[in-house]
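J.: The structure that follows is given in the form of structure tokens.
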Amino acid sequence: MKLISWNIDSLNAALTSDSNRAQLSRAVLDTLQQENPDVLAIQETKLPAKGPSQKHLDSLTERFPGYTIVWNSSQEPARKSYAGTMFLYKEDLTPEVTMPQIGAPDTMDHEGRIITLEFDDFYLTQVYTPNAGSQLKRLSLRQEWDHLYADYLAGLDSNKPVLATGDFNVAHKEIDLANPKTNRNSAGFTDEERAGFTALLERGFTDTFRHVHGDVEGVYSWWNQRAKTSKINNSGWRIDYWLTSNRVTDWVQRSEMIDSGTRQDHTPILLEITQP
């Protein structure tokens, strides 16, 4: 199976706007269509509570014919058109789809942050992890989320192997961002968030990119779009991951980034697996 995950930072804008950024986003979607994935996971859709409009669905179906589309959008009391996740999977696949809540604090359980697909032999789940926020205002809530999400993944793993992907909003180690010293207290690289990710892996999960590539340097999945030269200078962060249960790391054939051209922000990430 070929699996792709991407934080698109507004599927709504990508499909409906004529801005330069939207055009770049659509070019990435075209690249993903050419990759012909079995499953595409999308985070930060920013769709209305009712989900995609007919215009959204028509545009997606034109690019990805023969796919089933499921989504989890932000609902009251959470903010409107905020966060959100979506799966597109080939119509010959017939997973059971759930939109789990994990008992998260504040409005996090209502922000459309998780979708899980259950297949016969494994779970495939995606997450858009809450950001700690400016001045780390949401850090304590983020720590609660990390603990509850680790419990959720471990619960799945107790039943069958897990493939987990998405924007985890944390650079795990210094090698995972270009400027660790100057970002020590930045959201996404605090000691607390890094420890939370370590604790998640210690529950029985493997970071497949490091599993395949070891300590390769300078490979990132996100470049700050507010800094015009961040991608040119490769001043990035690796905050998007494909994780697997430890016991199925031998399934992993490839785990890498997909080139998103000049578009800054997140780039898609690819996982290819072969089951024995």
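J.: Of all residues in region 190-200, which are part of a helix (DSSP H, G or I) and crowded, with 17+ Cβ neighbours inside 10 Å?
T.: Passing the criteria: Glu193, Arg194, Gly196, Phe197, Leu200.
J.: Can you name the condition, by its number, that Phe209 falls short on among (1) part of a loop (DSSP other than H, G, I, E, B); (2) under 23 Å from Gln253 (Cα atoms)?
T.: Result: Phe209 fails condition (1) only.
J.: From the set of residues in region 109-157 that are outside any helix (DSSP H, G or I) and among the charged types (D, E, K, R), which is farthest from Thr198 (Cα to Cα)?
T.: Applying the filter and picking the extreme gives Asp120.
Matching residues to (1) small (Gly, Ala, Ser); (2) crowded, with 19+ Cβ neighbours inside 10 Å; (3) closer than 25 Å to Leu271 by Cβ:
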| residue | (1), (2), (3) |
| --- | --- |
| Ser19 | yes, no, no |
| Leu40 | no, yes, yes |
| Thr68 | no, no, yes |
| Thr98 | no, no, yes |
| Gly103 | yes, no, no |
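J.: Moving on to the next point. Pro37 passes all but one of (1) closer than 22 Å to Tyr241 by Cα; (2) in contact with a Gly (Cβ under 9 Å, 6 or more places away or on another chain); which number fails?
T.: Only one criterion in (1) closer than 22 Å to Tyr241 by Cα; (2) in contact with a Gly (Cβ under 9 Å, 6 or more places away or on another chain) is unmet by Pro37, namely (2).
J.: Given the structure, is Phe205 in contact (Cβ under 8 Å) with a residue 12 or more places away in the chain and either out of contact with any strand residue (DSSP E or B) (no Cβ under 8 Å at 6 or more places or on another chain) or surrounded by 23 or more Cβ atoms within 10 Å (Cβ to Cβ) (or both)?
T.: Judged against the criteria, Phe205 is not a match.
J.: Is at least one residue of region 251-262 within 23 Å of Asn179 (Cα to Cα), among the hydroxyl-bearing types (Ser, Thr, Tyr) and crowded, with 19+ Cβ neighbours inside 10 Å?
T.: Yes, that holds for at least one residue.
J.: Before we move on, is Asn159 modelled with pLDDT of 95 or more, more than 23 Å from Val39 (Cβ to Cβ) and out of contact with any Gly (no Cβ under 9 Å at 6 or more places or on another chain)?
T.: Considered against the rule, which asks whether it is modelled with pLDDT of 95 or more, more than 23 Å from Val39 (Cβ to Cβ) and out of contact with any Gly (no Cβ under 9 Å at 6 or more places or on another chain), Asn159 comes out as no.
J.: Shifting gears a bit: Just a yes or no: is a residue in region 252-266 under 17 Å from the mean Cα position of the chain (by Cα), within 25 Å of Arg142 (Cα to Cα) and outside any loop (DSSP other than H, G, I, E, B)?
T.: Checked region 252-266: at least one residue is under 17 Å from the mean Cα position of the chain (by Cα), within 25 Å of Arg142 (Cα to Cα) and outside any loop (DSSP other than H, G, I, E, B).
J.: Which residues, counting only those in region 16-45, are free of Cβ contacts under 8 Å to residues at least 40 places away in the same chain and charged (D, E, K, R)?
T.: Scanning region 16-45 gives Asp18, Arg26, Asp30.
J.: Just wondering, is there one or more residues in region 219-228 that are in a strand (DSSP E or B), surrounded by 14 or more Cβ atoms within 10 Å (Cβ to Cβ) and either touching a strand residue (DSSP E or B) at 6+ places or on another chain (Cβ under 7 Å) or among the β-branched types (Val, Ile, Thr) (or both)?
T.: For region 219-228, residues in a strand (DSSP E or B), surrounded by 14 or more Cβ atoms within 10 Å (Cβ to Cβ) and either touching a strand residue (DSSP E or B) at 6+ places or on another chain (Cβ under 7 Å) or among the β-branched types (Val, Ile, Thr) (or both): present.
J.: Looking at (1) without any contact (Cβ under 8 Å) to a residue 40 or more places away in the chain; (2) under 22 Å from Val127 (Cα atoms), which is the one condition that is false for Ala227?
T.: It fails just one condition, (2).
One line per residue, one yes/no per condition, for (1) of a type in the set (Val, Ile, Thr); (2) at pLDDT 95 or above; (3) farther than 20 Å from Ser140 by Cα:
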site	(1), (2), (3)
Phe168	no, yes, no
Leu177	no, yes, yes
Thr182	yes, yes, yes
Gly196	no, yes, no
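The values are calculated or read from the model by the stated rules, or taken from the named source; none is laboratory data. For clarity, every value in this text was computed on a predicted model and none was experimentally measured. Here the Cβ is made from the backbone with ideal geometry for all residues, glycine too, and neighbour counts use every protein chain on show.
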